[in-house]
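*Asks:* I'd like to ask some things about the structure below.
The values are calculated or read from the model by the stated rules, or taken from the named source; none is laboratory data. Computed from a predicted model, the values in this text were never measured in an experiment. Neighbour counts are summed over all protein chains in view; Cβ atoms, including those assigned to glycine, are modelled from backbone coordinates with ideal geometry. Surface areas here come from the heavy atoms of the whole protein model, side chains and all, with no ligands, DNA or RNA. Shrake-Rupley method; radii C 1.70, N 1.55, O 1.52, S 1.80 Å.
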Amino acid sequence: MKGVLLVNLGSPESPTAKDVKPYLDEFLMDKYVIDVPFLLRALLVRGIILQTRPKKSAAAYAKIWWDEGSPLVVISKRMHAKVKQLVNVPVSLAMRYGNPSLLSGLQELHDQGVTEVMLFPLYPQHAMASTTTILELAEEHRKKYFPEMKFTIVPAFYNKPDYLQNLADSIKGHLEGYDYDHLLFSYHGIPERHIRKTDITKSHCKIDGSCCNTPSPAHEFCYRHQCYETTKQVVKLLGIPEGKYSQTFQSRLAGDKWLTPYTDVEVNKMPEKGIKKLAVVTPAFVSDCLETLEEIAMEANHEFKAHGGEEFLAIPCLNDSDAWCNTVSNWITKWVAVEKTTA
Ligand SMILES: C=CC1=C(C)c2cc3[nH]c(cc4nc(cc5[nH]c(cc1n2)c(C)c5CCC(=O)O)C(CCC(=O)O)=C4C)c(C)c3C=C
Ligand SMILES: [Fe+2]
Ligand SMILES: [Fe+2]
């Protein structure tokens, strides 16, 4: 029997330093997130980052936490509940870090007799810190606990017309009647090194002005290309003219060179360029989370106004909107209808 596992990133159990610490430990000790040798990673994460960050992150989580829990997990559960109603195979939900765990999601499907799993990372663009780590852990669990299971992997869906249409329609709806000066596409950043590591040609991704626009097999796994492509297709659907939109990368950690331009730096410069009414969309996330609700809707909003901006609109993610749930359900239904699947 076929079944589906929707997988999102995950959140701490509560917005306290006590619960944020083990969550950050699991997250940042992941070799696909901080991709340095184990001993150096342990030194960096446990010796430095976890000494101060849990308290700071907990305070940020506390600002966005809902009565029902972390927005990312609550929204994912709502989306899961809707999708379940729309398809006729078992669908489970898991988080890469924290709960419900990937193992519990696979176990739940296994207990319902599922042997063919559609493994669905809820990330529009491919990155080793988001997609690869899910696939790797799922495969580890499969080999160890469910060797009879087969996986069909849902690749990054940044170029799927129905996803792009959902995103464009959502942006359009939120911009209705809003006379904005500029629309910013802010994506989660990653270190430039990650782009080079995922370059299957080992020579294409120069991270310059042209590589991401020059066709290459590398683009199947190039996060930067996929972000540019998402922006390009959405502005085309919306008919937004050149100059009225731009793209940046947010949420960098100190140390490495991350993808540029940086969201915070660019947002702060906008008012002096005459941008007084700014709208921001965050298409690296399908569910609102700390990075959209705190970093953008609160922090970037505050900084924009402190630098002379007047109005700031944070456009919500697709979340559990009917349109997005219908798209996900259609992809599942199509897959269920296909006789043969690949392992
Ligand atoms: C080396 C560090 C990080 C990389 C690389 C990274 C990539 C990456 N992350 C997401 C999605 C999310 N990240 C979120 C929070 C978050 N991210 C990092 C670090 C890296 N992310 C940290 C330390 C945190 C925790 C919060 C903090 O302390 O600042 C979240 C929000 C989770 C929530 O509970 O709301 C998401 C979602 C992607 C898609 C990605 C690669 C493209
Ligand atoms: Fe992150
Ligand atoms: Fe590129």
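*Asks:* Can you give the alpha-carbon Rg of segment 1-95 over 2.2 N^0.38 Å, where N counts its residues? Don't skip to the answer; put the middle values down first.
*Replies:* Working: Rg = 16.4 Å, N = 95, 2.2 N^0.38 = 12.4 Å.
For segment 1-95, the normalised Cα radius of gyration comes out at 1.32.
*Asks:* Counting heavy atoms of the protein chains only and a 1.4 Å probe, report the per residue accessible area for segment 77-160 as a whole number of Å².
*Replies:* On the way: 3490 Å² over 84 residues.
Solvent-accessible surface per residue comes out at 42 Å².
*Asks:* By the scheme Lys and Arg +1, Asp and Glu -1, what is the net charge of all other residues having a beta-carbon under 11 Å from that of residue 17? Could you put the intermediate results ahead of the total?
*Replies:* On the way: positive: 18, 21, 53, 55, 56; negative: 19.
Value of the local net charge: +4.
*Asks:* For segment 100-257, with all protein chains present and a 1.4 Å probe, just round the carbon and sulfur fraction of the accessible area to a whole percent. Walk me through the intermediate numbers first.
*Replies:* Details: 3800 of 7050 Å².
Roughly 54 percent, rounded to a whole number.
*Asks:* Give me Rg over Rh for segment 30-162, both radii from the alpha carbons and Rh done the Kirkwood way, two decimal places.
*Replies:* Working: Rg = 17.0 Å, Rh = 17.0 Å.
Rg/Rh: 1.00.
*Asks:* OK, next. Give me the percent of accessible area attributable to carbon and sulfur for segment 293-338, probe 1.4 angstrom. Working shown, then result.
*Replies:* Working: 1110 of 2090 Å².
Within segment 293-338, the accessible surface is 53 percent carbon and sulfur.
*Asks:* Treat segment 65-129 as a sphere of radius equal to its Kirkwood radius over Cα pairs and apply Stokes-Einstein at 4 °C in a medium of 1.567 mPa s; give the translational diffusion coefficient in µm²/s, rounded to a whole number.
*Replies:* Values: Rh = 13.1 Å.
My calculation gives 99 µm²/s for D.
*Asks:* For the chain, what ratio Rg/Rh do Cα atoms give with a Kirkwood hydrodynamic radius? Don't skip to the answer; put the middle values down first.
*Replies:* On the way: Rg = 19.9 Å, Rh = 20.9 Å.
Checking Rg against Rh, the ratio lands at 0.95.
*Asks:* Heavy-atom accessible area per residue, segment 161-314, 1.4 Å probe: how many Å²?
*Replies:* Numbers: 6890 Å² over 154 residues.
Per residue, segment 161-314 has 45 Å² of solvent-accessible surface.
*Asks:* Angle, helix 17-28 long axis vs. longest principal axis of the chain, Cα atoms, 0 to 90°, nearest 10?
*Replies:* 80 degrees
*Asks:* Size of segment 161-314 along its principal axes in angstrom, Cα-based, largest extent first?
*Replies:* Extents along the principal axes, in whole Å: 45, 37, 28.
*Asks:* Based on alpha-carbon atoms only, what is the radius of gyration of segment 113-176 relative to the globular estimate 2.2 N^0.38 Å? Don't skip to the answer; put the middle values down first.
*Replies:* Values: Rg = 15.7 Å, N = 64, 2.2 N^0.38 = 10.7 Å.
In units of the globular-protein estimate, segment 113-176 measures up at 1.46.
*Asks:* OK, next. Tilt of helix 71-86 relative to the longest C-alpha principal axis of the chain, in degrees (0 to 90, nearest 10)?
*Replies:* With rounding to tens, the tilt is 50 degrees.
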